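Below is one structure; the comments refer to it alone.
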2 protein chains.
Amino acid sequence: MKKKITIKEIAKILMVSVSTVSKAMNDSPEISEKTKKKVKELAKFYGYVPNHIAVSLKNQSTFNIGVIIPDIQNSFLAEVLKNIEVHAKKNGYRIITFFTGEKLKEERESLNILSNGMVEGIIVCPCEETFVEKEFNHFKNIAETTPLVTFDRIHKELNFNSVSVDDDQSILKACAHFQSTQAKNILFVSSIGWLSVGKTRRRTFNTFIEGEASLNGETIEEHNLEELRKKIEDRITDTSLPKIDAILGADIESTLISNASIAKNNIPLIDRISLIGYVDKNHNELQYPRVSYINQFPEKVGEKAVELLIKNLKEEQKIIQQEVIKTEIVVKDTSK
Amino acid sequence: MKKKITIKEIAKILMVSVSTVSKAMNDSPEISEKTKKKVKELAKFYGYVPNHIAVSLKNQSTFNIGVIIPDIQNSFLAEVLKNIEVHAKKNGYRIITFFTGEKLKEERESLNILSNGMVEGIIVCPCEETFVEKEFNHFKNIAETTPLVTFDRIHKELNFNSVSVDDDQSILKACAHFQSTQAKNILFVSSIGWLSVGKTRRRTFNTFIEGEASLNGETIEEHNLEELRKKIEDRITDTSLPKIDAILGADIESTLISNASIAKNNIPLIDRISLIGYVDKNHNELQYPRVSYINQFPEKVGEKAVELLIKNLKEEQKIIQQEVIKTEIVVKDTSK
DNA sequence: CTGAAAGCGCTAACAC
DNA sequence: GTGTTAGCGCTTTCAG
């Protein structure tokens with residue numbers, strides 16, 4: 001493997017000093033056009049590119065933003081990530097992405113590694129284990145020295161800059177939508193009952209239903225997807241029980257399974273069960289029927305997160321801002 | 001924002017030299033247990049973490065692997081990426097991911113940035129524009145100084161370490177599968193005719209069909225997905241034309257649209273059109289009907305890519321190895 | 001217009 | 001067992 005050429009070697013070949021080469025490469029007005037040309041030509045010839053690590057160390061700035069994500073397979077997070085990258089780049093920053101697999105240990109490690117010189121600031125979606133363990137100290141420690149923005153998942157102890165989605169509002173809007181279409185029996189399905197966000201969504205659903213005399217609610221929560229499918233199919237095909245008018249999916253998986261169950265059991269149109277849930281937008285557009293869904297605007301989440309972080313990088317004093325993105329129900333084929 | 005503490009400051013507080021602190025932190029046997037304890041305690045107290053940039057510069061090694069991906073929304077690439085990350089971590093490496101958006105300029109820039117000190121080696125899926133422009137010099141230049149592994153997309157000029165998928169075989173296996181189920185008229189649908197991989201797939205399909213007297217082939221290629229949907233629906237519902245027995249989807253989008261079109265037009269079972277194509281595995285499992293698909297083993301691609309790269313990092317001399325992953329047809333609901 | 005020298009934070013050979 | 005020192009590749013002040 002060929003060795004990479006350094007400024008020093010270029011200087012030697014040209015019989016000038018390293019500082020001259022450095023200045024020439026950076027187009028300093030101190031250097032004559034002639035020398036600049038000479039230096040640049042040789043640099044190009046040898047394929048010189050400044051060593052990024054050395055520049056970072058010297059300048060104490062990397063133009064890197066760290067991003068920590070629980071899971072890349074989560075299409076919402078993937079879309080946020082994409083948008084973080086786009087907006088970071090637009091502002092002259094690169095991103096360094098770590099995945100935690102929802103593990104607290106990985107999250108801690110990622111924060112530690114990133115926060116020491118690698119990046120100027122960090123955008124992080126806290127992992128599930130963090131919420132289970134109610135352990136937020138690693139964030140607090142890091143936030144003392146490194147600008148931090150959390151997104152998507154919130155907790156009162158996570159009082160940093162954050163961008164989240166109005167989750168309660170999503171559920172309430174979906175319920176209200178069902179109500180306006182005369183649904184009576186609403187089934188809440190979830191494969192994420194163990195996740196804090198899953199718990200909140202269920203609680204919000206239940207609270208709403210209890211407050212509405214005209215509505216009746218049922219819940220199916222099951223982590224195992226095959227089991228979940230079975231339970232949903234059993235329920236919606238069981239004619240001995242009151243008919244389900246609408247299903248609210250608490251996550252992508254349960255929404256898809258509900259959609260599949262309705263399709264598979266070929267339920268006649270007259271008995272159509274409405275369905276609203278969470279989906280991968282791109283995918284949803286291409287399937288039939290397209291599910292009516294809760295749009296969480298991942299583009300906005302990504303953009304805002306970058307915006308908040310960069311604002312914090314520039315300001316000297318630290319400002320705390322908590323953005324909440326409003327969601328909307330997008331009516332497609334599975335509801336009126 | 002609080003300043004991060006350095007080794008120097010710890011040394012001053014403890015009235016020892018920086019090297020003592022450094023050695024103590026790195027558990028050098030030269031240092032007494034007592035001093036180690038003293039140093040470590042203070043380090044912990046002040047939340048000291050070594051500056052990664054400085055360590056990298058000093059050691060001339062970063063334990064970073066660069067990954068360059070055209071598009072994170074592509075579920076195949078996302079899954080490969082996830083597996084690259086997992087296997088990199090397993091070997092003690094972090095990954096730094098850049099997205100090119102299929103743009104040659106971005107690809108060039110990403111390679112340049114990564115190759116100078118940031119990473120030890122690079123895993124890259126070359127972007128489409130690279131193939132359109134037939135411009136491979138940026139890879140060749142980088143490969144002279146930085147270990148490189150390309151994956152997924154290949155070209156005879158890209159003669160580096162690579163992991164690719166046996167694309168021809170995928171198409172041939174699908175055709176053979178249709179043939180074995182007595183299909184006569186096969187429709188090839190594609191939304192990626194403009195992409196090199198799309199061209200190859202179509203060519204392979206056509207060549208096979210022409211060689212088989214018992215088979216008849218048709219092709220619908222259309223970049224605009226709404227148009228594509230219309231064309232597919234028109235074709236499969238047009239009873240004045242010979243009936244389509246099977247559809248081969250050349251990419252995820254056209255496969256999904258075909259599936260949706262069949263479902264939407266409620267084609268009776270007796271006229272069932274078989275469908276094989278490319279899918280997002282996770283998603284496919286949850287929908288109904290689940291599409292019979294070509295498994296490209298993204299896990300293997302990611303794992304092999306890391307393996308090849310690390311092999312190259314360790315060996316002094318450079319070895320070139322071109323891995324080809326065999327695919328398989330996974331029969332689900334849309335074919336016999 | 002060019003060069004010498006200091007220093008970013010850390011490690012490690014070498015001295016004591 | 002601990003300290004001194006040089007140096008990784010680069011930028012930048014200051015001197016000439």
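The values are calculated or read from the model by the stated rules, or taken from the named source; none is laboratory data. Quick caveat: nothing in here was measured; it's all calculated off a predicted structure. Note that we place each Cβ from the backbone using ideal geometry, even for glycine, and neighbour counts take in every protein chain shown.
Which count do you get for residues in region B:108-141 that are in a helix (DSSP H, G or I), among the aromatic types (Phe, Trp, Tyr) and touching a Leu at 6+ places or on another chain (Cβ under 7 Å)?
The total comes to 1.
If you take the residues in region A:233-249 that are in contact (Cβ under 8 Å) with a residue 40 or more places away in the chain, out of contact with any strand residue (DSSP E or B) (no Cβ under 6 Å at 6 or more places or on another chain) and surrounded by 14 or more Cβ atoms within 10 Å (Cβ to Cβ), which one is nearest to A:GLY193 (Cα to Cα)?
A:ARG235
Only residues that are more than 30 Å from A:GLU315 (Cβ to Cβ), free of Cβ contacts under 8 Å to residues at least 24 places away in the same chain and either of a type in the set (Ser, Thr, Tyr) or near DNA strand C (Cβ under 7 Å from one of its atoms) (or both): list them for region B:1-29, please.
Keep residues of region B:1-29 that are more than 30 Å from A:GLU315 (Cβ to Cβ), which gives B:11-29.
From what's left, free of Cβ contacts under 8 Å to residues at least 24 places away in the same chain: B:11-12, B:15-24, B:26-29.
Within region B:1-29, B:SER17, B:VAL18, B:SER19, B:THR20, B:SER22, B:LYS23, B:ASN26, B:SER28 meet the criteria.
Considering only residues that are within 14 Å of DNA strand C (Cβ to nearest atom) and in contact with a helix residue (DSSP H, G or I) (Cβ under 6 Å, 6 or more places away or on another chain), look in region A:43-64 and name the one that is farthest from B:LYS58 (Cα to Cα).
A:THR62
For region B:216-305, list the helices (runs of 4 or more DSSP H) that sit wholly inside it and hold at least 2 residues that are under 22 Å from the mean Cα position of the chain (by Cα); which are they?
Working: elements: B:225-237, B:252-264, B:281-286.
Counting at least 2 such residues, we get B:252-264, B:281-286.
Somewhere in region A:90-98, is a residue within 16 Å of DNA strand C (Cβ to nearest atom), at pLDDT below 95 and either touching a Ser or Thr at 6+ places or on another chain (Cβ under 9 Å) or not basic (Lys, Arg) (or both)? First the steps, then the outcome.
Residues of region A:90-98 that are within 16 Å of DNA strand C (Cβ to nearest atom), as a first pass: none.
Looking for residues that are within 16 Å of DNA strand C (Cβ to nearest atom), at pLDDT below 95 and either touching a Ser or Thr at 6+ places or on another chain (Cβ under 9 Å) or not basic (Lys, Arg) (or both), one finds none in region A:90-98, hence no.
If you go through region B:53-94 one residue at a time, how many are part of a loop (DSSP other than H, G, I, E, B) and within 16 Å of DNA strand D (Cβ to nearest atom)?
4
Are there any pairs, at least 6 apart or on different chains, whose C-beta atoms fall under 9 Å, with the first in region B:146-166 and at positive phi and the second of a type in the set (Gly, Ala, Ser), and if so, which?
From residues that are at positive phi, the pairs are B:ASP152/B:SER162; B:ASP152/B:SER164.
What do you reckon, is A:VAL80 among the hydrophobic types (A, V, I, L, M, F, W, C) and either surrounded by 21 or more Cβ atoms within 10 Å (Cβ to Cβ) or more than 9 Å from every other protein chain (Cβ to nearest Cβ) (or both)?
Yes; evaluated as a whole, the condition is true for this residue.
Could you look through region A:1-26, keep only residues that are part of a loop (DSSP other than H, G, I, E, B), surrounded by 16 or more Cβ atoms within 10 Å (Cβ to Cβ) and among the hydrophobic types (A, V, I, L, M, F, W, C), and pick out the one that is farthest from DNA strand D (Cβ to nearest atom)?
So, considering only residues that are part of a loop (DSSP other than H, G, I, E, B), surrounded by 16 or more Cβ atoms within 10 Å (Cβ to Cβ) and among the hydrophobic types (A, V, I, L, M, F, W, C), the one farthest from DNA strand D (Cβ to nearest atom) is A:VAL16.
Output the residues belonging to region A:142-179 that are closer than 17 Å to A:GLU128 by Cα, of a type outside the set (A, V, I, L, M, F, W, C) and not in a loop (DSSP other than H, G, I, E, B).
Scanning region A:142-179 gives A:THR150, A:ASP152, A:SER162, A:SER164, A:ASP167.
Could we say that A:GLN182 is among the polar types (S, T, N, Q), closer than 18 Å to A:LEU248 by Cα, in a loop (DSSP other than H, G, I, E, B) and away from chain B (no Cβ under 13 Å) here?
yes
Taking the criterion of being closer than 20 Å to B:LYS264 by Cβ and within 14 Å of chain B (Cβ to nearest Cβ), would at least one residue in region A:242-256 satisfy it?
Within region A:242-256, one or more residues are closer than 20 Å to B:LYS264 by Cβ and within 14 Å of chain B (Cβ to nearest Cβ).
So which of B:PRO29, B:PRO50 is within 14 Å of another protein chain (Cβ to nearest Cβ) and assigned to a loop (DSSP other than H, G, I, E, B)?
B:PRO50 is the lone residue from the list that is within 14 Å of another protein chain (Cβ to nearest Cβ) and assigned to a loop (DSSP other than H, G, I, E, B).
Mind listing whichever residues of region B:271-298 are farther than 19 Å from A:GLU285 by Cβ, among the acidic types (Asp, Glu) and within 12 Å of chain A (Cβ to nearest Cβ)?
Residue satisfying the conditions is B:GLU285 alone.
Identify, by number, the condition in (1) without any contact (Cβ under 8 Å) to a residue 60 or more places away in the chain; (2) facing chain B (nearest Cβ under 9 Å) that A:GLY92 doesn't meet.
(2)
Condition test on A:ALA78, is it among the small types (Gly, Ala, Ser) and farther than 30 Å from A:ALA250 by Cα?
In short, no.
As an exercise: evaluate A:PHE99 against (1) surrounded by fewer than 19 Cβ atoms within 10 Å (Cβ to Cβ); (2) at the interface with another protein chain (Cβ under 8 Å from one of its Cβ atoms); (3) away from DNA strand D (no atom under 16 Å from the Cβ) and give the number of the one condition it does not meet.
If we test A:PHE99 against (1) surrounded by fewer than 19 Cβ atoms within 10 Å (Cβ to Cβ); (2) at the interface with another protein chain (Cβ under 8 Å from one of its Cβ atoms); (3) away from DNA strand D (no atom under 16 Å from the Cβ), just (1) comes out false.
Take region A:114-137 and flag every residue that is within 12 Å of chain B (Cβ to nearest Cβ) and either of a type in the set (D, E, K, R) or surrounded by 19 or more Cβ atoms within 10 Å (Cβ to Cβ) (or both).
Hits for region A:114-137 are A:LEU114, A:SER115, A:ASN116, A:GLY117, A:MET118, A:VAL119, A:GLU120, A:GLY121.
As an exercise: evaluate A:ARG272 against (1) buried (at least 17 other Cβ atoms within 10 Å of the Cβ); (2) touching a helix residue (DSSP H, G or I) at 6+ places or on another chain (Cβ under 9 Å) and give the number of the one condition it does not meet.
Only one criterion in (1) buried (at least 17 other Cβ atoms within 10 Å of the Cβ); (2) touching a helix residue (DSSP H, G or I) at 6+ places or on another chain (Cβ under 9 Å) is unmet by A:ARG272, namely (1).
Could we say that B:LEU148 is buried (at least 21 other Cβ atoms within 10 Å of the Cβ), aliphatic (A, V, I, L, M) and in contact with an Asp or Glu (Cβ under 7 Å, 6 or more places away or on another chain) here?
no
With respect to the numbered conditions (1) touching a strand residue (DSSP E or B) at 6+ places or on another chain (Cβ under 8 Å); (2) within 16 Å of DNA strand C (Cβ to nearest atom), which one is the sole condition not fulfilled by A:VAL80?
With respect to (1) touching a strand residue (DSSP E or B) at 6+ places or on another chain (Cβ under 8 Å); (2) within 16 Å of DNA strand C (Cβ to nearest atom), A:VAL80 is out only on (2).
Can you find a residue that is more than 29 Å from the chain's Cα centre (by Cα) and not basic (Lys, Arg) anywhere in region B:189-203?
no
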